[in-house]
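To start, the structure itself, in structure tokens.
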């Protein structure tokens, strides 16, 4: 469609240029042959050129509108399929899920899945990329209850309790398992994990500096090995505490216990 618009615009410019040349040529001849006719001829040709430009602009706008509607529909379908795939892969895992499952959950045909992603593997990787890219966004690492003022154990425990029922937690585990089982895709996924971990290290370092400032201590700039060690503990607890509570029940692990340990790690 873009090529069609370009050809239409080029044709319009060429016709307008030709009309201008014809205006000058006929206008000069008419001026010599019939007094006052040159301006009338020129005016008629100018009006024709304007009408041509108006029609061209209308057709171009119509084409652009149709293209935009088509792009919005494609984007909406893709987003629906990714949302459905995240739910299905979280519930059934990569090996247990099928393209038919994803299509049925999204309300589309299997052909729509293949048209947008080509294969179950490509669909899973698209879901993983979206999930891990979000995890690597520093703005996503403001965990409820973990802030410059310290750790609010009750708020953090509530957030961990909510995450026990969040399919995204199981999806994160499935993406990690997939990366370990499929070496052909491991490097790309490992890169996402590394960026996500580094973003959380930066957040932990910010919390350390805020704590030191509150307590009147000098604080090391940047990130330290202690920050990385602390981050490892925080990541483990953010994942294991909800999963453990879900699997073992409150007799063994509770979200509140995870929150208390994170508070100790962060000082």
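The values are calculated or read from the model by the stated rules, or taken from the named source; none is laboratory data. Quick caveat, the model's predicted, so the values are computed rather than measured. Here the Cβ positions follow ideal geometry from the backbone for every residue, glycine too, while neighbour counts run over all protein chains shown.
What number of residues within the stretch 199-235 satisfy the criterion of being more than 26 Å from residue 256 (Cα to Cα), in a helix (DSSP H, G or I) and at pLDDT below 95?
Count: 1.
Name every residue in the stretch 194-243 that is more than 28 Å from the chain's Cα centre (by Cα) and under 30 Å from residue 167 (Cα atoms), in order of residue number.
Across the stretch 194-243, the qualifying residues are 227, 229, 230, 233, 241.
From 179, 159, 196, grab the single residue that is within 17 Å of residue 241 (Cβ to Cβ), surrounded by 15 or more Cβ atoms within 10 Å (Cβ to Cβ) and out of contact with any strand residue (DSSP E or B) (no Cβ under 6 Å at 6 or more places or on another chain). Write out each step before concluding.
Values: 179 fails: within 17 Å of residue 241 (Cβ to Cβ); 196 fails: within 17 Å of residue 241 (Cβ to Cβ).
Answer to the check: 159.
Being surrounded by 17 or more Cβ atoms within 10 Å (Cβ to Cβ) and either out of contact with any helix residue (DSSP H, G or I) (no Cβ under 9 Å at 6 or more places or on another chain) or within 15 Å of residue 170 (Cα to Cα) (or both) is the filter here; which residues of the stretch 210-234 pass it?
Across the stretch 210-234, the qualifying residue is only 211.
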